[in-house]
Amino acid sequence: EDQVTQSPEALRLQEGESSSLNCSYTVSGLRGLFWYRQDPGKGPEFLFTLYSAGEEKEKERLKATLTKKESFLHITAPKPEDSATYLCAVQGIYNQGGKLIFGQGTELSVKP
Amino acid sequence: KAGVTQTPRYLIKTRGQQVTLSCSPISGHRSVSWYQQTPGQGLQFLFEYFSETQRNKGNFPGRFSGRQFSNSRSEMNVSTLELGDSALYLCASSPIEGPTQETQYFGPGTRLLVL
């Protein structure tokens, strides 16, 4: 069964203090791994799609990496506006049509 | 391009009633997926539609149903509402074709409260 586990559940950082969020996954053939950001009361906002081990993508202070078993979301010199819940999801190759399997998310708080 | 839109944004219903939620995908996107988000279970897949056909379905009871129209707009229906159906219902669309075909873009959600 496809499964996604994110850690830590919550992370508190000071502004400028870099860190990483972890997403461990089990899937019978990976079609894609996705990172989203979700603010309270809003829908998830797309950040990155990763397809194969070794792939990396960057956007502003965020960098996502992928191995065969896990993905990391690195946050460099975070700002208070980076505070949100970060969600990781996978889609397996045997799942025709949609069906993202989500982790429980990491709630990030960045204090000034 | 305009993003995914969902209506209504908020709903209050009582047990036993039924509810219909609507989703308009990003222009040109032909696949629409629905998810339920609760604090305890997180985001869970309900079903996906492409070209008016349901291609995949999650582990939800038959009270949850959906459909897609020829313009790719989609609706989901929940009959005989239960207290546990209180949740944020999210719709997501994806292009199906091109380099980002699998990426799903989410709408703002419909917050359903069942009393």
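The values are calculated or read from the model by the stated rules, or taken from the named source; none is laboratory data. This structure is a prediction, so every number in the text was calculated from the model and none was measured. No Cβ is skipped: glycine too gets one built from the backbone with ideal geometry, and neighbour counts run over all protein chains shown. Side chains included, ligands, DNA and RNA excluded: accessible areas come from the protein's heavy atoms. Shrake-Rupley method; radii C 1.70, N 1.55, O 1.52, S 1.80 Å.
Observations
- For region B:13-60, the set of residues classified as open to solvent by 10 Å² or more (accessible area, probe 1.4 Å), of a type in the set (A, V, I, L, M, F, W, C), over 15 Å from A:Phe102 (Cα atoms) and not in a loop (DSSP other than H, G, I, E, B) consists of B:Phe50 only.
- Failed item in (1) touching a Leu at 6+ places or on another chain (Cβ under 6 Å); (2) more than 11 Å from chain B (Cβ to nearest Cβ), with A:Tyr36 passing the rest: (2)
- Screening the candidates A:Glu58, A:Glu45 for the property of being of a type outside the set (Ser, Thr, Tyr), away from chain B (no Cβ under 13 Å) and open to solvent by 10 Å² or more (accessible area, probe 1.4 Å) yields one hit, A:Glu58.
- Pair list, Cβ < 9 Å and 6+ apart or interchain, from region A:89-111 residues that are at the interface with chain B (Cβ under 7 Å from one of its Cβ atoms) and without any contact (Cβ under 8 Å) to a residue 24 or more places away in the chain to residues that are aliphatic (A, V, I, L, M) and crowded, with 22+ Cβ neighbours inside 10 Å: A:Gly98/B:Val32; A:Gly98/B:Ala92
- For B:Tyr89: the one exception among (1) open to solvent by 40 Å² or more (accessible area, probe 1.4 Å); (2) modelled with pLDDT of 95 or more; (3) within 11 Å of chain A (Cβ to nearest Cβ): (1)
- Meets criteria (among the β-branched types (Val, Ile, Thr) and free of Cβ contacts under 8 Å to residues at least 12 places away in the same chain) for B:Thr38: no
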